[in-house]
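See below for the structure under consideration.
The values are calculated or read from the model by the stated rules, or taken from the named source; none is laboratory data. These numbers were taken from a predicted model, which means no experiment stands behind them. Cβ atoms come from the backbone with ideal geometry, glycine included; neighbour counts cover every protein chain shown. For the accessible areas, the whole protein counts, side chains as well, though only heavy atoms, and no ligand, DNA or RNA atoms are used. Shrake-Rupley method; radii C 1.70, N 1.55, O 1.52, S 1.80 Å.
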Amino acid sequence: MSLLDQILHKTHSGACGQTWIDDPGGEELVSFNPADGSALGRVRMASGDNYELVLRAATATFERWRMLPAPRRGEIVREIGNELRLAKDELGTLVTLEMGKILAEGKGEVQEMIDVADFATGLSRQLHGLTMHSERPGHRMYEQWHPLGVVGVISAFNFPVAVWSWNALIAMACGDTVVWKPSSKTPLTAIAVQHICNRVLARHGWQGVLNLVIGSGEVVGDRLVRDPRVPLISATGSTAMGKRIAPIIAAGMRRSLLELGGNNGVIVMDDADPDLVVRAVLFGAVGTAGQRCTSIRRLFLQKGIARRITDRLSVAYRQIRIGDPSDPATLMGPLIDRDAVAAMERGLERARNEGGHIVYGGKSLAGCFVEPVLIHARPDMPVVREELFAPVLYLLEFDTLDEVLAWHNDVPQGLSSAIFTSNVQSAEMFLSAGGSDCGIANVNTGTSGPEIGGAFGGEKETGGGRESGSDSWKAYMRRQTVTVNWSGELPLAQGIKFEL
Ligand code: NAD
């Protein structure tokens, strides 16, 4: 049976520990297609008791999984990557059906999972520490990295599968087991991924390495966040969610890895290439219907180029094909639900009341569809400082780079940023310690669509977490500093004498 046949128009168990739990005991959750409002499938959510079964499976499996040599764990991750390659079209289609992003982006999200699987496979042979020269004769010092335990992964609706893979596949290679609580808006993609992973793990005689619990944030998410058996919670979502859970995790002296909201700015200098700017802004502000954490929300235009870019964007915005996200001709699909449409309407109303002037768009269309918006604004408008999770782009004019850098950084969020310029001094100023204060800073390319090889994440209220590439794997392991004394003496560090 194909993956889509297995998932669509069925009722599913929303909990998988050692195996799928027949009746996970919670309420029923219906997953809707945001493009037409139809029900795609039903899920029986996990109750507290069944959460417990899943946690026990993950905890028990960790005892054995951590002892499997890392390169052998990597082989299993590689096979998951291969299964994802085979399932790319179907899983990408399911992402489009359930989340509403266009098909190219749905499949792109699965490609990101495949890339992460390759990366994690390589990592499984590179989880290395440093060696240090000891100040004491006949001593050796080094550090090693051990698996951490059960990692809780809480994910947002807008990247229903890729963000899980950034965490889960790397944590798995690191020797952790994982319990995933996906967004209640996208449970079916999570179930599909779990089926794929179960298949691979079962071939190798493993159960309980990758686990799933579907339920609301307030019930199942909250249990995971408070669970002392889970040493790391990696949570992706709104800053409001992060602010709720961070103190709870910190109070238990556990670790959190937070990937929260952004309010990403692009600075366009007079000497920028207008063609690059327009293309980058279209993808960055309209792609995924503005529902990426890295979507461009603030476009700072130097006064000499502002008119030209605004005019070209107005023309381009008129040509954006809005509609069925599974039609290859469509560039912008729907928002995730009617609540998101209402939030956009409220945001636009506020922007108008605060002095913003709509240049193009902003109409709500049928169902969850909206027109993308260009809006002239000022940096001191309070609404501009907030993340509005919709295709709303504020246009802000400036005179000097110093002035715009101050405006750019004067928001609570610090995820992604970019400058468009042909002047190396402007670019380097933007990248300097006095430049962008974000976790991601780009030159002549937009704020969204990062590659998996870099560490992804942001500063300030974006939460400070780093995931995916570079040395982000260290978040999923514990560092142990080792000193071995082979001297036959017992010299103390710092030359201390302590003798009778
Ligand atoms: P959300 O905060 O509503 O939900 C995110 C997840 O948190 C869901 O699984 C939800 O059930 C869970 N949750 C909510 N309250 C919880 C609680 N009290 N305890 C435990 N879990 C809880 O976010 P959303 O609407 O799904 O996603 C959009 C937001 O996510 C935007 O702000 C976007 O910028 C952000 N996001 C950030 C990144 C990043 O990498 N920085 C990536 C994707 C999305």
- [ ] Pairs only if they're at least six apart or on different chains, beta carbon under 8 angstrom, first in the range 313-338 and closer than 11 Å to Leu103 by Cβ, second among the polar types (S, T, N, Q); list them, first residue then second.
- [x] Asp324/Thr330; Pro325/Thr96; Ser326/Thr93; Ser326/Thr96; Gly333/Thr96
TODO: Return the residue satisfying two criteria in turn: it lies in the range 449-482 and is in contact with a helix residue (DSSP H, G or I) (Cβ under 9 Å, 6 or more places away or on another chain), open to solvent by less than 10 Å² (accessible area, probe 1.4 Å) and near the ligand (Cβ under 10 Å from one of its atoms), and of such residues it is farthest from Val116 (Cα to Cα).
DONE: Thr462
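Within the range 187-203, track down each residue that is open to solvent by less than 10 Å² (accessible area, probe 1.4 Å) and either of a type outside the set (Val, Ile, Thr) or within 15 Å of the ligand (Cβ to nearest atom) (or both). Give the derivation first.
Of all residues in the range 187-203, those open to solvent by less than 10 Å² (accessible area, probe 1.4 Å) come to 187-194, 196-197, 200-201.
Scanning the range 187-203 gives Pro187, Leu188, Thr189, Ala190, Ile191, Ala192, Val193, Gln194, Cys197, Leu201.
Listed here are the residues, each with its yes/no results for (1) open to solvent by 50 Å² or more (accessible area, probe 1.4 Å); (2) under 19 Å from Pro160 (Cβ atoms); (3) touching a residue at least 24 places away in the same chain (Cβ under 8 Å).
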position	(1), (2), (3)
Ala15	no, yes, yes
Asp23	yes, no, no
Phe32	yes, yes, yes
Leu53	yes, no, yes
Ala58	no, no, yes
Val77	no, no, yes
Glu105	no, yes, yes
Gln111	yes, yes, no
TODO: Kindly establish whether Gly152 is in contact with a His (Cβ under 8 Å, 6 or more places away or on another chain), open to solvent by less than 20 Å² (accessible area, probe 1.4 Å) and assigned by TED's automatic domain parsing to the domain that holds Ile233.
DONE: no
TODO: Inspect the range 170-179 for any residue being open to solvent by 10 Å² or more (accessible area, probe 1.4 Å) and under 16 Å from Ile76 (Cβ atoms) and give the result as yes or no.
DONE: no
TODO: Go through Asp402, Asp437 for me and flag whichever is of a type in the set (D, E, K, R), surrounded by fewer than 23 Cβ atoms within 10 Å (Cβ to Cβ) and over 30 Å from Lys101 (Cα atoms).
DONE: Asp402
Task: Residue check for Asp410: farther than 26 Å from Leu348 by Cα, modelled with pLDDT of 95 or more and open to solvent by 40 Å² or more (accessible area, probe 1.4 Å) - done: no
Open item on the list: Restricting to the range 128-181, and then to whatever is within 16 Å of the ligand (Cβ to nearest atom) and in a loop (DSSP other than H, G, I, E, B), can you tell me which residue is farthest from Gly208 (Cα to Cα)?
Closed with: Asn158
